[in-house]
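The numbers here are math on the coordinates, done by the rules we state, and not lab data. Model, not experiment: these values are computed from the prediction. Note: ideal-geometry Cβ built from the backbone for every residue, glycine included; neighbour counts use all protein chains shown.
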Amino acid sequence: MTENRAALPVKDSKYFISRELSWLNFALRVLELTASPDLPLLEKVKFAGIMGMLHDEFAMKRLGGLRNIKRRKPNKVLDGGRTPGEEIIACREELRQQSDKVGRLVESHLRPAMNQAGIALLDYENLDVEQRRYADRFYRDAVEPILTPLAVDASHPFPFISNLGLNVAVTGEGKKSGRGKFVRLKIPANRPRWVKLPAAGASSQVAVPLEQVVAANVCRFFPDWKKLKTYFFRVIRAAKDNPWERLDVDEHEQELQPGCIIGMVTAELTYRKFAGVTLLQVSEDMPENLQLWLASQLQMDPDDIIAIKGLLATADLMKFNVEGRSDLRDPPFTPTPHPRLADPAMDDPETFFQEIRAGDILVHLPYQCFDTSVLRFIRYAASDPKVLAIKLTIYRTSKDSPIMQALMEAAGRGKQVVVLVEITARFDEAPNIAWGKKLERAGVHVVYGMERLKTHVKLAMVIREEQSGIRRYVHVSTGNYNVQTAKVYEDLGILSCNRLLGENVAALFNELTGGVSSHGYDMLMVAPHNLRERFVELIHREVAHARGGRSCGIFAKMNQLQDCDMIRELYMASSAGVPIELNIRGLCCLRAGVPGLSDNIRVYSTIGRFLEHSRIYRFENGGDPEFFIGSADWMRRNLNRRMETIVPVVDSILKVQLDEILNILKKDNCSAWDMHPDGSYRRRVPAKGEEKRSAHEMFMRRATGA
């Protein structure tokens, strides 16, 4: 196998797809979903907003990271065979094409359809007299007082342009001097982006973009200008690599000095505000000479300018609130309690913990209720006098988290409460720091992550004193302890009091809080200790079964697949005859179905109403299948530079339930995209006369018994 591994170079695009372009291919699938004729209109608007968010995130994280590599190692060959400069050019072109498609979708399809449906998002120039009067009055009363025009001239240097802010560029000439002038106005983020106006005609709701209202009234600032014109622009800046997760180096290459992690993360947040520009979005009508002048003032590459047709900052479409109009949304879905937790007797903590003792419980979110399972588990732990201690990891959580409230109440009752708050969770650093300080004030023992290793594990443990002695109850999850995302993210979690699992989780918490590495993870697979090695062993075992003529196969469901060593192992398993199915929502650097390389590998992506987020790993094992769930994808960062956990599923009933989940995903014929050998994806469509089967719809019917 060593010789075969050497024959598959990472830096060859024949074997590995570019991480960045695969990421953008995921965005393209979301865009295709947005254009689906059978998707309700307001769901399309939401997904168009998601596209804007994805593009912003890509420009901040991936383009920013590539620029860092190009600056330090310009000749480095990346996975997929390109240098950083070549990769930036390829990504820039794909991003430009996608931005154009999003713009045309919003302007030519969504806004006309919204108007026809009576929820018009109009341009200022199309407002009637009464609507203009209302918009202008809103501007004078609620917007103009907080605007600050910033001129650029001999006395005023070019102002700093903040990340993701929407701006109006005002140009003109002095009436007397005839000299050209430029002023920048920042659209205030504390005003509504979509200004609601009095409805008219058949419309039940009318709104206009705030920047257009500002532009229409900007002449009030400049009564002595002539040839006044306005244009819109927006700057996207790099998000610095997480200090423990440098994009282009292995962990042994890092040269960071130990120090206060809170101070380090705070410095990162400051950096993010002032980081270099990765993208400049401008309105399509902005003259080229003004675009180039802005680029020079921002000290950026002019090639990183993207002219946008229609609205800028389309991520704000996710905030386009419409009252009522259920006819334009997905039918409402209410999660159902898990069958074993639905009895009214579960309102008693003793009965609830007794049910966990009766056997492991697999909770499938968002189809089964988070509040009556995971949240109840934490709340009961906080109030039950038999509970002595609670330990939990927080990676991302909600603003008004009832879990955090329960933990603070538990500490107030004298219980030992320990929370690991990962404050390097990208884009959640500030709220996580705030939660950590609030927990500390309530008497909770707070740990702010581990040095050099981001903590991505999703674990909770409750220690309870019972008649038979001390017992550990654990929750092992694929998702975060977040009541909001639990409604829209597909995730799995196991409630268990398995003795060995409890001991392993306790040892892991001791490592997370005490910094003492444990070598006793018999049941847990833990990165960076044994997770990669255990997965490789499982793959090799399937190869041995294939060569021995026994039943074999690998099914892996994850968010992303990028680790080149794991991809090599999968290629070798495929060559040995192991059938492999990979359900990967996002980026995938493996090429599926390539003759002589990956003939036996099938890759598909499920995208729909809910965000696929769970990780499931199934190994056929000669006819005695083994299942695993947990927090880790097969990414280099997950395997090498993070604390991650994967747990084997030992309960036979849970194994059957996981098989049912995987089979439903396989049967999807309308919200799954199949990868082709060239790396492109094609959406599945029902055959003629075939019933439409959406995995998410099937899961909802399964949960409700419909």
Based only on other Cβ atoms within 10 Å, what is the fewest-to-most ordering of VAL656, VAL102? VAL656, VAL102
What value, in deg cm²/dmol to 500, does the helix sum -39500 (n - 2.57) over DSSP H runs of n ≥ 4 give at 222 nm once divided by the residues of the chain? -10000 deg cm²/dmol
Roughly what % antiparallel, to the nearest 5, for the DSSP beta bridges in the chain? 70
What percent does the relative contact order of segment 339-522 come to when contacts are Cα pairs within less than 8 Å and at least six residues apart? 26
Rounded to the nearest 20 debye, dipole of segment 526-704 from Cβ charges on Lys, Arg, Asp, Glu: 460
Volume per residue, Å³, of the convex hull around the alpha-carbon atoms of segment 339-522? 117
Determine the alpha carbon to alpha carbon distance for each of LYS196/LYS226; LYS46/LYS692; LYS391/LYS487; LYS14/LYS76; LYS61/LYS438; LYS46/LYS667 and list only those over 20 Å. LYS196/LYS226; LYS46/LYS692; LYS391/LYS487; LYS61/LYS438; LYS46/LYS667
Which aspartates and glutamates, on any chain, are close to LYS399 with Cα under 12 Å apart, when same-chain ones fewer than 8 places away are left out? ASP428
Tell me the angle of helix 499-514 to the major Cα principal axis of the chain, expressed in degrees between 0 and 90 and rounded to the nearest ten. 50
Relative contact order [Cα under 8 Å, 6+ residues apart], the chain, whole percent: 12
Please work out whether segment 335-440 counts as rounded, prolate or oblate from its C-alpha gyration tensor, where a ≥ b ≥ c are the square roots of the eigenvalues and a/c under 1.5 means rounded, while otherwise a/b larger than b/c means prolate and anything else oblate? oblate
Can you compute 3J(HN,Hα) from phi for each residue in segment 84-94, using the Karplus curve 6.51 cos²θ - 1.76 cosθ + 1.60 with θ = phi - 60°, rounded to whole Hz and x for Gly and Pro? x, x, 5, 5, 4, 4, 5, 5, 4, 5, 5
Phi-derived 3J(HN,Hα) across segment 382-390 with the Karplus relation (6.51, -1.76, 1.60, θ = phi - 60°), rounded Hz, x for Gly and Pro, is 6, 9, 5, x, 7, 7, 9, 8, 9
Magnitude of the Cβ-charge dipole (Lys and Arg +1, Asp and Glu -1) of the chain about the Cα centre, nearest 20 debye, reported as 1500
Please state the shape class of segment 526-704: rounded when a/c is under 1.5, otherwise prolate if a/b exceeds b/c and oblate if not, all from the C-alpha gyration tensor. rounded
Would you mind ranking CYS564, CYS219 so that the residue whose beta carbon has the fewest other beta carbons within 10 Å leads the list? CYS219, CYS564
Gyration tensor (alpha-carbon) shape descriptor, segment 613-687, a/c threshold 1.5: oblate
The chain: angle of helix 429-441 to the longest principal axis, Cα-based, in degrees nearest 10: 60
Given that just one value was derived from the coordinates, which of (1) 27.2, 92; (2) 36.4, 107; (3) 25.6, 82 is Rg and Dmax of the Cα atoms in Å? (1)
Over segment 526-704, what relative contact order in percent results from Cα pairs under 8 Å that are six or more residues apart? 23
Built amide H within the under 5 Å cut-off of ALA239, gap 5+: LYS61, GLY64
Quick one: helix 129-138 against the long Cα principal axis of the chain, what's the angle to the nearest 10°, folded into 0 to 90? 70
